[in-house]
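**Student:** Have a look at the structure that comes next, please.
Bear in mind that the values in this text are calculations on the coordinates, not laboratory data. These figures come from a predicted structure and were not determined experimentally.
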Amino acid sequence: MCNGRRVKVGIIGGTGPLGRGLALRLAAAGAQVVVGSRSAERAAATVAGAVAPWGGHRMSLAGASNAEAAEAEIVVAATPWEGAVETLAPLASGLAEKVVVSVGNALLKSGGEMHALVPPRGSVAQLVQSALPDSMVAAAFHHLPAHDLLDLARPMEGDVLVCSDQPEAKKSTLELVSLLGGLRGLDAGSLSQAGAIEAFTAVLVTLNMRYRCHATVRIGGIDPGATGGGR
């Protein structure tokens, strides 16, 4: 539920680990979720595999084409970052005036570390905004381990940093975060902050590889209510 009603979320390029995990968690929390892919058949198979272990949960979760996922009220862009423009640009008219949440990170594994790349425009989120000039783009969910998202028996914990130039996009994204129990959404400022937020994912993944864990980010000393949340 989102503000007392059921929200419909589309996840474009949602067959990857993070897209699948967000879809599963949001659906388990009561959202109507459509996982999109270039192949609707692949999306349907992905959904079937994700929900199979959780037969005791009632979920509205379906697989479809990316174009069908783009019809949702709020859309998550979960495509690999290097294919973001190619995937999203043809959907721009249907995504106009909608909130689009970019979750992509530009990362490269080198040796035993993950390194952050600097994509065109400075961040994946700003690249998405350039491909969707009439959409309200927010950046969020970068630091969540997909493995944990896919395990509904495992409680989530951590902070989700949300940034956007559009107050409506920020507010809607923070409301999505609030659906996922154990996670706290924090207003991290304008979309120009996305580069730093995305880049830190490389540090976090490196720590996870070295310590063989699924760590998340938790920032101390903040009372979200003191700043008015999504303003």
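**Student:** Return the Rg/Rh ratio of region 39-155 with Cα-based radii and a Kirkwood Rh.
**Tutor:** Radius of gyration over Kirkwood radius for region 39-155 works out to 0.99.
**Student:** For region 77-122, what percent of Cα pairs sit more than 17 Å apart?
**Tutor:** Value for region 77-122: 43 percent of Cα pairs lie more than 17 Å apart.
**Student:** Moving to a separate point now. Please work out the Cα center distance from region 26-79 to region 101-137, rounded to the nearest Å.
**Tutor:** After rounding, the separation between the Cα centres reads 23 Å.
**Student:** Equivalent ellipsoid semi-axes for the chain, as square roots of 5 times the alpha carbon gyration tensor eigenvalues: give them largest first, rounded to whole Å.
**Tutor:** Listed largest to smallest, the semi-axes of the chain are 23, 21, 20 Å.
**Student:** Counting DSSP beta bridges in the chain, what percent are antiparallel, to the nearest 5?
**Tutor:** That works out to approximately 20 percent antiparallel.
**Student:** While we're here: At q = 0.18, 0.21 Å⁻¹, what base-10 log of I(q)/I(0) does the Debye formula yield for region 114-231 when every alpha carbon is treated as an equal point scatterer in vacuo?
**Tutor:** -0.99, -1.25
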